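The values are calculated or read from the model by the stated rules, or taken from the named source; none is laboratory data. Remember, predicted model here, so these are calculated numbers, not experimental data. Methodologically, a virtual Cβ is constructed for each residue, glycine included, from the backbone with ideal geometry; neighbour enumeration extends over all protein chains shown. The area values use the complete protein model at the heavy-atom level, side chains included, leaving out ligands, DNA and RNA. Shrake-Rupley method; radii C 1.70, N 1.55, O 1.52, S 1.80 Å.
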Amino acid sequence: MIAVLGGSFDPVHIGHLRVAIEVRDHLQLEQLRLIPCGQPPHRKPFVATAAQRLRMLELAIADESSLMVDDRELRVERTSYTVDTLTDLRAESGQQPICLIIGADAFQQLDRWRQWMDLFALAHLIVVQRPGYHISASAVVAKYTQTRRIQHYQQLTENSAGNIYFLEIPPLEISSTRIRMLASTGKSIRYLVPDRVYHWMQEHQLYQ
Ligand code: ATP
Ligand code: MG
């Protein structure tokens, strides 16, 4: 089973890392990959460069062998959409189940993703809670996903793609937006990000 958490990671924070660990342990996975995205067209520009976002991710997971960073979306010129990345992963991994992990905020906007329905031909979706957001879908997403929902994670191994699983995890109200805001107003972000990331950000005066 391949599990993927995509994000802008501008910067990575312990909210992301706990999502990864909670999913890893719940699904009893050996490995989980974090995929930093290139600049998507519908978002305002990232603050850190791609190289900086990647560096912080690498520092964050340096001593955690079950997490790996997959920088494929940063290595291509064009924007990679999730559907493209999952297509590549599918081509590499045969019939293995692939699970795409997203938070409730991302799930609410799923129908804005390019070819969002095609995602289900390529992967399962795991939706985790996020403080401040209800796990709710637009009408079209709710209709499309209602028959795909599974109640037990073991069912994720029965098919290689196509199901949706909602996982409750202890909420951590942490966002990159707030971290950038704190840093830019001279306030501390200590303990919201791993220490190595904190020190690196200090050294590079990132987001200040
Ligand atoms: P920004 O504020 O810049 O959007 P972010 O904190 O939302 O940053 P992203 O990189 O956008 O982080 O998030 C990547 C993925 O991780 C998304 O699917 C998002 O829902 C999820 N995620 C991020 N933070 C949390 C959190 N604290 N709890 C649960 N899920 C989270
Ligand atoms: Mg976000």
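Just name the residue that is farthest from ligand 1 (Cβ to nearest atom) out of those in the stretch 114-142 that are aromatic (Phe, Trp, Tyr) and at pLDDT 95 or above.
PHE120
Working only within the stretch 163-188, note down all residues that are buried (at least 18 other Cβ atoms within 10 Å of the Cβ) and either more than 21 Å from the chain's Cα centre (by Cα) or more than 16 Å from ligand 1 (Cβ to nearest atom) (or both).
ASN163, ALA183
Residue check, VAL197 against (1) touching a helix residue (DSSP H, G or I) at 6+ places or on another chain (Cβ under 7 Å); (2) away from ligand 1 (no atom under 14 Å from the Cβ); (3) in a helix (DSSP H, G or I); (4) hydrophobic (A, V, I, L, M, F, W, C), all met but one. Which one?
(2)
Scan VAL47, VAL12, VAL76, VAL23 and give me the residue that is within 11 Å of ligand 1 (Cβ to nearest atom) and open to solvent by 50 Å² or more (accessible area, probe 1.4 Å).
The conditions single out VAL47.
Take the stretch 93-132 and flag every residue that is more than 16 Å from the chain's Cα centre (by Cα), over 14 Å from THR82 (Cβ atoms) and not in a loop (DSSP other than H, G, I, E, B).
SER93
Looking only at the stretch 144-177, how many residues end up being away from ligand 2 (no atom under 16 Å from the Cβ) and either free of Cβ contacts under 8 Å to residues at least 60 places away in the same chain or hydroxyl-bearing (Ser, Thr, Tyr) (or both)?
Matching residues across the stretch 144-177 total 21.
In the stretch 30-62, how many residues are more than 19 Å from VAL76 (Cα to Cα), assigned to a strand (DSSP E or B) and out of contact with any Ser or Thr (no Cβ under 9 Å at 6 or more places or on another chain)?
Adding up the residues that qualify gives 0.
Scanning the stretch 79-113 for residues that are open to solvent by 40 Å² or more (accessible area, probe 1.4 Å) and of a type in the set (S, T, N, Q), which turns out farthest from ligand 1 (Cβ to nearest atom)?
Looking at residues that are open to solvent by 40 Å² or more (accessible area, probe 1.4 Å) and of a type in the set (S, T, N, Q), I get GLN95.
On the basis of being of a type outside the set (Val, Ile, Thr), part of a helix (DSSP H, G or I) and within 11 Å of the chain's Cα centre (by Cα), does ALA20 make the cut?
When the stated conditions are applied, ALA20 passes them.
Out of the stretch 28-43, which residues are open to solvent by 10 Å² or more (accessible area, probe 1.4 Å) and among the hydrophobic types (A, V, I, L, M, F, W, C)?
LEU29, CYS37
So how many residues does the stretch 133-160 have that are open to solvent by less than 70 Å² (accessible area, probe 1.4 Å) and outside any helix (DSSP H, G or I)?
The total comes to 6.
Could you give every pair whose Cβ atoms fall below 7 Å, whose first residue belongs to the stretch 183-208 and is modelled with pLDDT under 95, and whose second residue is in a helix (DSSP H, G or I) and open to solvent by less than 70 Å² (accessible area, probe 1.4 Å), counting only separations of at least 6 or pairs across chains?
Within 7 Å, the pairs are GLN208/ALA183; GLN208/SER184.
Just give me the residues in the stretch 161-181 being within 30 Å of GLN95 (Cα to Cα) and outside any loop (DSSP other than H, G, I, E, B), in sequence order.
Of everything in the stretch 161-181, those that are within 30 Å of GLN95 (Cα to Cα) and outside any loop (DSSP other than H, G, I, E, B) turn out to be ILE164, TYR165, PHE166, LEU167.
Would you pick out the residues in the stretch 33-44 that are more than 12 Å from ligand 1 (Cβ to nearest atom) and either touching a Cys at 6+ places or on another chain (Cβ under 9 Å) or of a type in the set (D, E, K, R) (or both)?
Within the stretch 33-44, just ARG33 meets the criteria.
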